[in-house]
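*Asks:* Have a look at this one before I ask anything.
The values are calculated or read from the model by the stated rules, or taken from the named source; none is laboratory data. It should be emphasised that the depicted structure is a prediction, and the values quoted were computed from it without experimental measurement. Every residue, glycine among them, receives a Cβ derived from its backbone with ideal geometry; neighbour counts consider all protein chains shown.
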Amino acid sequence: MAVTDAVGGIETSYEQGILHVGLRRPGKKNALNLAMYASLVRILDEADRDDSVRVLFIYGGDECFTSGNDLSDFSRFSDVESASPVLDFLSRISRFRKPVVAAVHGLAVGIGTTLLLHCDLVYAADNAIFQLPFVRLGLCPEAASSYLLPRLAGHRRAAELLMLAEPFSSELAREIGLVNHVLPAEQIIDTALNAARKLAAMPAEAIRITKELLKASFAGPVHSALDQESRYFMELLEKPDSRKAIAAFFEKRSGESGEG
Ligand code: COA
């Protein structure tokens, strides 16, 4: 029987070897704040240790996977220490030993796209829209996407997605290998869960070692990229370009609510 536990924007439930992790902050398009990252770190640590968890299944809402990092938290990051829940989450998801299956509906912005680079199977709805908006915010890639995306898509495709930073479709995401399959929105959860159930029924040790071997040749570069990116990211957050872009997002919001 499923057990459900909702902690500040993250909802978890467990059923037959699968730990479901739902992003649940609909009023903010599932933007991930520091408390949500801290919950995710705790969930990943427990799931890694708990033998009854064989697969992690991550999903968002019907219209939005996540709009990425909570932009209001960026002003609270003064150094690497203050951003530690985010960095800890990236470290944990990149080292997580069990299969991770993701189901993506609607918007997957920033970390909503980059975290998929650390998942094993990704199912995207035909309404999914991806975006890596870092440079538009005066920032640089995160989550080792500066290493993993060119590895997946080649330099020029990665440069286009990271430097022009425009939204892209689930079809393009499938073409470059960021997602396994694109399906009608109403089929995504069932299809992704079906795959998660198949993985959960496989011999756990064989699956764990297969994942370890699949990632072994690039684990070192991924962790170097995480370190290097986070240092640059923190530096850029202090610069006027980034401060202006983030302030502009919230000014636009307050302008819109003033008009409405
Ligand atoms: N951080 C903080 N708040 C966010 C957010 C984010 N990443 N994304 C959305 N929100 C908030 C909005 O401020 C708004 O809050 P309010 O209703 O209290 O004003 C609410 O979520 C709804 O967002 P809204 O912009 O009205 O939805 P939309 O459908 O018009 O646009 C997005 C959705 C995702 C395209 C747009 O919100 C956006 O561009 N968000 C920022 C994405 C981003 O840059 N992420 C960081 C990547 S590093």
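*Asks:* Failed condition for Ser75, given (1) at pLDDT 95 or above; (2) within 16 Å of the ligand (Cβ to nearest atom), with all others met?
*Replies:* (1)
*Asks:* Across the range 28-52, which residue is surrounded by the most Cβ atoms within 10 Å (Cβ to Cβ) among those that are in contact with a Ser or Thr (Cβ under 8 Å, 6 or more places away or on another chain) and in a helix (DSSP H, G or I)?
*Replies:* Restricting to residues being in contact with a Ser or Thr (Cβ under 8 Å, 6 or more places away or on another chain) and in a helix (DSSP H, G or I), the top hit is Ile43.
*Asks:* Restricting attention to the range 70-94, which residues are in contact (Cβ under 8 Å) with a residue 60 or more places away in the chain and not aromatic (Phe, Trp, Tyr)? Write out each step before concluding.
*Replies:* To start, the set of residues in the range 70-94 that are in contact (Cβ under 8 Å) with a residue 60 or more places away in the chain comprises 71-72, 74-75, 77, 79-80, 83, 87, 90-91, 94.
Result: Leu71, Ser72, Ser75, Asp79, Val80, Ala83, Leu87, Leu90, Ser91, Ser94.
*Asks:* Sticking with this one: Filter the range 135-149 down to residues that are assigned to a helix (DSSP H, G or I) and surrounded by fewer than 24 Cβ atoms within 10 Å (Cβ to Cβ) and give me whichever is nearest to the ligand (Cβ to nearest atom). Spell out the reasoning first.
*Replies:* Of all residues in the range 135-149, those assigned to a helix (DSSP H, G or I) come to 135-137, 145-149.
Pick out the ones that are also surrounded by fewer than 24 Cβ atoms within 10 Å (Cβ to Cβ) and you get 135-137, 146-148.
Working: Val135: 10, Arg136: 8, Leu137: 6, Ser146: 14, Tyr147: 18, Leu148: 16 Å.
For the range 135-149, the residue satisfying everything is Leu137.
*Asks:* Also: Tell me which residues, restricted to the range 123-134, are closer than 22 Å to Ile246 by Cα and more than 10 Å from the ligand (Cβ to nearest atom).
*Replies:* Scanning the range 123-134 gives a single hit, Phe130.
*Asks:* Being at pLDDT 95 or above, within 18 Å of the chain's Cα centre (by Cα), in a helix (DSSP H, G or I) and small (Gly, Ala, Ser) narrows it down to one of Ala225, Ala195, Ala206, so name that one. First the steps, then the outcome.
*Replies:* Working: Ala195 fails: within 18 Å of the chain's Cα centre (by Cα); Ala206 fails: within 18 Å of the chain's Cα centre (by Cα).
When all the criteria are applied, what remains is Ala225.
*Asks:* A further question on this structure: Looking for something among the acidic types (Asp, Glu), touching a strand residue (DSSP E or B) at 6+ places or on another chain (Cβ under 9 Å), assigned to a helix (DSSP H, G or I) and within 12 Å of the ligand (Cβ to nearest atom) - is there at least one such residue anywhere in the range 53-66?
*Replies:* Filtering the range 53-66 for residues among the acidic types (Asp, Glu) gives 62-63.
Those left that are additionally touching a strand residue (DSSP E or B) at 6+ places or on another chain (Cβ under 9 Å): 62-63.
So of that shortlist, the ones also assigned to a helix (DSSP H, G or I) come out as none.
Scanning the range 53-66 turns up no residue that is among the acidic types (Asp, Glu), touching a strand residue (DSSP E or B) at 6+ places or on another chain (Cβ under 9 Å), assigned to a helix (DSSP H, G or I) and within 12 Å of the ligand (Cβ to nearest atom).
*Asks:* Can you tell me which residues in the range 101-122 are over 17 Å from Val222 (Cα atoms) and either among the β-branched types (Val, Ile, Thr) or more than 16 Å from the ligand (Cβ to nearest atom) (or both)?
*Replies:* Step one: filter the range 101-122 for residues over 17 Å from Val222 (Cα atoms), giving 101-110, 112, 121-122.
Of everything in the range 101-122, those that are over 17 Å from Val222 (Cα atoms) and either among the β-branched types (Val, Ile, Thr) or more than 16 Å from the ligand (Cβ to nearest atom) (or both) turn out to be Val101, Ala102, Ala103, Val104, Val109, Leu121, Val122.
*Asks:* Give me a count of the residues in the range 228-250 that are surrounded by fewer than 13 Cβ atoms within 10 Å (Cβ to Cβ) and more than 14 Å from the ligand (Cβ to nearest atom).
*Replies:* Here the count works out to 5.
*Asks:* In the range 171-189, how many are over 20 Å from the mean Cα position of the chain (by Cα) and either assigned to a helix (DSSP H, G or I) or within 15 Å of Arg54 (Cα to Cα) (or both)? Let's see the steps before the verdict.
*Replies:* Residues of the range 171-189 that are over 20 Å from the mean Cα position of the chain (by Cα), as a first pass: 184, 186-187.
The next check asks that each one be either assigned to a helix (DSSP H, G or I) or within 15 Å of Arg54 (Cα to Cα) (or both); those that pass are 186-187.
Summing the residues that are over 20 Å from the mean Cα position of the chain (by Cα) and either assigned to a helix (DSSP H, G or I) or within 15 Å of Arg54 (Cα to Cα) (or both) in the range 171-189 gives 2.
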